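Take a look at the structure set out below.
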Amino acid sequence: MATLFTKIIDGEIPGRFVWADDVAVAFATIAPITDGHTLVVPRDEVVQLTDASDDLLAHLTRVAKVIGQAQQSAWDAPRAALLVAGFEVPHLHLHVLPAWDEASLSFRNARTDVPAADLDAAAERVRQALRDAGHAANVPASIGSPAL
């Protein structure tokens, strides 16, 4: 059975995509800890971090780094944070978010009441920062599609 993330990648459920390549996609979470909070997800259904191949983890980490740099630029954040938990969806995903301090890096701070327009604007801000940094080839043509 397809995971929630596979359904987003396949377009069965809407997503706010900021990155796409042959191995992974990245899209905005609907429950951000901070503005710009993005999930980096392999296209293949890998349940958790320890199930992933070294090559896949290296690729996901490279994508997370690029997205983190874009977030730092877009929000003038001193750090980009990377969290891997994976309890909410059984499909490996890396949480990448602009961060100002460690105290704010808690899933207890996730906001589920952010208006759709604000989520769209934050995703577009990441997309523009990625383009500005020279990664336009990996920014999907549409925020709602993982296709390039």
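The values are calculated or read from the model by the stated rules, or taken from the named source; none is laboratory data. A quick note: this is a predicted structure, and the numbers were derived from the prediction, not measured. Note that we place each Cβ from the backbone using ideal geometry, even for glycine, and neighbour counts take in every protein chain shown.
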Practice item. Could you check ALA80 against (1) under 25 Å from VAL47 (Cα atoms); (2) touching a helix residue (DSSP H, G or I) at 6+ places or on another chain (Cβ under 8 Å); (3) surrounded by fewer than 18 Cβ atoms within 10 Å (Cβ to Cβ); (4) not β-branched (Val, Ile, Thr) and say which number it fails? Key: (3)
Point to revise | Failed item in (1) over 22 Å from PRO146 (Cβ atoms); (2) out of contact with any strand residue (DSSP E or B) (no Cβ under 7 Å at 6 or more places or on another chain); (3) surrounded by 14 or more Cβ atoms within 10 Å (Cβ to Cβ); (4) of a type outside the set (Asp, Glu), with ALA31 passing the rest | key: (1)
Review point. Taking VAL23 and the conditions (1) under 24 Å from GLN128 (Cα atoms); (2) out of contact with any His (no Cβ under 6 Å at 6 or more places or on another chain); (3) at pLDDT 95 or above, which numbered condition does it fall short on, given that it satisfies the others?
Key: (2)
Check your understanding: Which numbered condition trips up ALA103, out of (1) within 23 Å of ILE9 (Cβ to Cβ); (2) hydrophobic (A, V, I, L, M, F, W, C); (3) part of a helix (DSSP H, G or I)?
Key -> (1)
Review point. Which residues, taken from the stretch 83-99, are out of contact with any helix residue (DSSP H, G or I) (no Cβ under 7 Å at 6 or more places or on another chain) and closer than 15 Å to PHE17 by Cα?
Key: HIS95
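Can you tell me which residues in the stretch 84-104 are in contact (Cβ under 8 Å) with a residue 12 or more places away in the chain, among the hydrophobic types (A, V, I, L, M, F, W, C) and surrounded by fewer than 18 Cβ atoms within 10 Å (Cβ to Cβ)?
Taking the stretch 84-104 and keeping what is in contact (Cβ under 8 Å) with a residue 12 or more places away in the chain, we get 84-86, 89-100, 104.
Narrowing the set further to residues that are among the hydrophobic types (A, V, I, L, M, F, W, C) leaves 84-85, 89, 92, 94, 96-97, 99-100.
Result: VAL84, ALA85, VAL89, TRP100.
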Practice item. Sort out which residues of the stretch 7-28 are more than 17 Å from VAL66 (Cα to Cα), surrounded by fewer than 21 Cβ atoms within 10 Å (Cβ to Cβ) and touching a residue at least 12 places away in the same chain (Cβ under 8 Å), and write them in order of number. Key: GLY11, PRO14
Point to revise | Flag for VAL84 being of a type in the set (A, V, I, L, M), closer than 15 Å to ASP35 by Cα and modelled with pLDDT of 95 or more | key: no
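Can you tell me which residue is farthest from TRP75 (Cα to Cα) among those in the stretch 106-125 that are over 14 Å from the mean Cα position of the chain (by Cα) and assigned to a helix (DSSP H, G or I)?
Checking each candidate, the answer is ARG108.
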